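Read through the structure below, which is laid out as structure tokens, and then see the notes.
The values are calculated or read from the model by the stated rules, or taken from the named source; none is laboratory data. Predicted, not measured: the structure shown is a model, and the values here were computed from it. All Cβ positions, even for glycine, are placed from backbone atoms using ideal geometry, and neighbour counts span all protein chains on display.
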Amino acid sequence: MKLLTAKLGELEVREEDIYSFESGIPGFEQSRRFVLVTVKEHEPFAYLQSVDDSQLAFIMIDPFEFFSDYEFDLPVPELEELQIQSKEQIIIRSIVNVNDDLEHATTNLVAPVVMNAVAKRGKQVILLRADYSTKHRLFALETAK
């Protein structure tokens, strides 16, 4: 199917590439179908584009590429809801907030987006770890000289 998007233009999307988010994403519950789009020129950033709303796309990163010490355990209810049976099925991304410029970009490490690459199910999971932030800086600020 062809999908005309606000940020990425026209995309060719295959049904088998669409992830189902049963509850949507908090704040955007009306959108329940998404596709993960990688644009080579924008790597390491990707996009979680809504199939239901052409205006809705989230900038995403693989948090493990930016934060080597990032770790968490997925609660059993989420594993079951997403039908995850092995770690090889799991794709984890976090939503990036750019605001004005990339230098000040932040990402939400408290609520990663977890997807099952086989069952094509996804969910934004809220972690109960106080040491992560919803606005964790992607890039360290340069110290004044």
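Scanning the range 20-33 for residues that are outside any loop (DSSP other than H, G, I, E, B) and surrounded by fewer than 18 Cβ atoms within 10 Å (Cβ to Cβ), we see that the one that is modelled with the lowest pLDDT is Phe28.
Of everything in the range 39-54 that is touching a residue at least 40 places away in the same chain (Cβ under 8 Å) and over 14 Å from the mean Cα position of the chain (by Cα), the residue that is surrounded by the most Cβ atoms within 10 Å (Cβ to Cβ) is Val51.
The residue pairs whose first member lies in the range 65-76 and is closer than 16 Å to Ile91 by Cβ, whose second member is basic (Lys, Arg) and assigned to a loop (DSSP other than H, G, I, E, B), and whose beta carbons are closer than 9 Å, counting only pairs six or more residues apart or on different chains, are Phe72/Arg129.
When we screen Leu3, Leu11, Leu36 for residues that are without any contact (Cβ under 8 Å) to a residue 40 or more places away in the chain, of a type in the set (A, V, I, L, M) and not in a loop (DSSP other than H, G, I, E, B), the only hit is Leu11. Among the residues of the range 55-69, the ones that are surrounded by fewer than 18 Cβ atoms within 10 Å (Cβ to Cβ), in contact with a Ser or Thr (Cβ under 9 Å, 6 or more places away or on another chain) and of a type outside the set (A, V, I, L, M, F, W, C) come to 2 in all. For the structure I just gave you, tell me whether Arg14 is over 15 Å from the mean Cα position of the chain (by Cα) and either farther than 17 Å from Val96 by Cβ or at pLDDT 95 or above (or both). Answer is yes for this residue.
Output yes when any residue across the range 80-88 is within 14 Å of the chain's Cα centre (by Cα), part of a loop (DSSP other than H, G, I, E, B) and under 13 Å from Val113 (Cβ atoms), and no when none is. Within the range 80-88 (the criterion being within 14 Å of the chain's Cα centre (by Cα), part of a loop (DSSP other than H, G, I, E, B) and under 13 Å from Val113 (Cβ atoms)), the answer is no, since none of the residues qualifies. Set side by side, the residues Glu71, Glu103, Glu142 differ, and just one is assigned to a helix (DSSP H, G or I) and modelled with pLDDT under 95, which is Glu103. Once the range 102-125 is narrowed to residues that are more than 19 Å from Gln89 (Cβ to Cβ) and in contact (Cβ under 8 Å) with a residue 40 or more places away in the chain, the residue that is surrounded by the fewest Cβ atoms within 10 Å (Cβ to Cβ) is Ala111. Can we say Ile95 is assigned to a loop (DSSP other than H, G, I, E, B) and under 17 Å from Val125 (Cα atoms)? So Ile95 fails the test.
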